[in-house]
1. Any idea which residue in region 25-39 is nearest to Ala83 (Cα to Cα), counting only those that are open to solvent by 60 Å² or more (accessible area, probe 1.4 Å) and in contact with a helix residue (DSSP H, G or I) (Cβ under 7 Å, 6 or more places away or on another chain)?
2. Since Pro106 meets every condition but one in (1) part of a helix (DSSP H, G or I); (2) of a type outside the set (S, T, N, Q); (3) modelled with pLDDT under 80, which condition does it not meet?
3. Out of (1) more than 30 Å from Asp145 (Cβ to Cβ); (2) part of a helix (DSSP H, G or I); (3) open to solvent by less than 70 Å² (accessible area, probe 1.4 Å), the odd one out for Ala75 is which?
4. Does Ala50 qualify as being within 34 Å of the chain's Cα centre (by Cα) and open to solvent by less than 20 Å² (accessible area, probe 1.4 Å)?
5. Output the number of the condition that Glu117 fails; it satisfies all remaining conditions of (1) open to solvent by 100 Å² or more (accessible area, probe 1.4 Å); (2) at pLDDT below 85; (3) over 30 Å from Val37 (Cα atoms); (4) not β-branched (Val, Ile, Thr).
Amino acid sequence: MNEADLIRASQQGDRRAFEALLRLWARPIYAWLLPHVRDVHRAEDLTQEALLRAWKSIGTLDEPAKFKGWFFSIAQAVLIDSARFNNRKKRDDRRLRHRDEINSQPVEPETESRRDELLTALTRLPETYREALSLRFLSGLPLGDIERRLRITNGALRGLLHRGLRMMREELLTSEAKEEAEHEVEP
C-alpha cells in the first residue's frame with residue numbers, strides 16, 4: 001500500500017494502516033519537536049500526543065496529499081498547547097509561592113486593622129464592582145478568567161476595576177475623615 005492508500009484506510013478506521021503511517025511519520029515529527037523542547041522525554045511525550053490527536057482526527061483530513069502538512073500542524077498545536085500549559089503552571093506556581101510568603105509573614109496589628117478597613121470598604125461597593133475587585137485582588141485570578149466568569153469584555157472589566165478602586169479610595173477617605181472628626185470631638 002502506498003501512503004495515500006494507508007491514509008484512506010486509516011480514515012475508515014483501519015488501525016494497522018494507521019500504524020504503518022506512524023512508522024513513516026513518527027520519527028520526523030519527533031525530530032521536528034526535539035529542537036523546540038530540548039528534552040528527549042518531553043519530545044517523546046509530545047510526539048505521542050500528536051499521534052493520538054492525529055488518530056482521533058484522521059477523518060477530518062480532506063486530501064491525502066496534504067497529510068504531511070496536516071500532521072505537522074497537529075504537532076505544532078501540541079507544542080503550543082504544551083507551552084501554554086507550562087507557562088500557566090509557572091505563573092500559578094509563582095502565585096502560590098508569593099501567597100505562601102505573604103501568609104508566612106507575621107501580621108502586624110496595624111496591617112490587620114488596615115485589611116479590615118479595606119474589606120469593609122469593599123463590602124460597601126455595589127455588587128458589580130465588589131465582585132470584579134474580589135476576583136482580581138483577593139482571588140488573584142487573571143483578567144481573562146474574570147472576563148469569562150463575569151461574561152464581559154476586557155475593556156469592561158478594566159473599567160470596573162478602575163472605577164471600583166476609585167470608589168474604594170473615596171470610601172476609605174470618607175471613613176478616615178469620619179474617624180478624625182470623632183477623635184477631635186472626644187475630650
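The values are calculated or read from the model by the stated rules, or taken from the named source; none is laboratory data. Owing to the predicted nature of the structure, the values given are computational and were not obtained by experimental measurement. With ideal geometry, Cβ positions are generated from the backbone for all residues, glycine too; neighbour counts draw on all protein chains shown. With ligands, DNA and RNA removed, areas are computed over all heavy atoms of the protein, side chains included. Shrake-Rupley method; radii C 1.70, N 1.55, O 1.52, S 1.80 Å.
1. Top of the filtered list is His36.
2. (1)
3. Ala75 satisfies every listed condition except (1).
4. yes
5. Evaluating Glu117 over (1) open to solvent by 100 Å² or more (accessible area, probe 1.4 Å); (2) at pLDDT below 85; (3) over 30 Å from Val37 (Cα atoms); (4) not β-branched (Val, Ile, Thr) leaves (1) as the failure.
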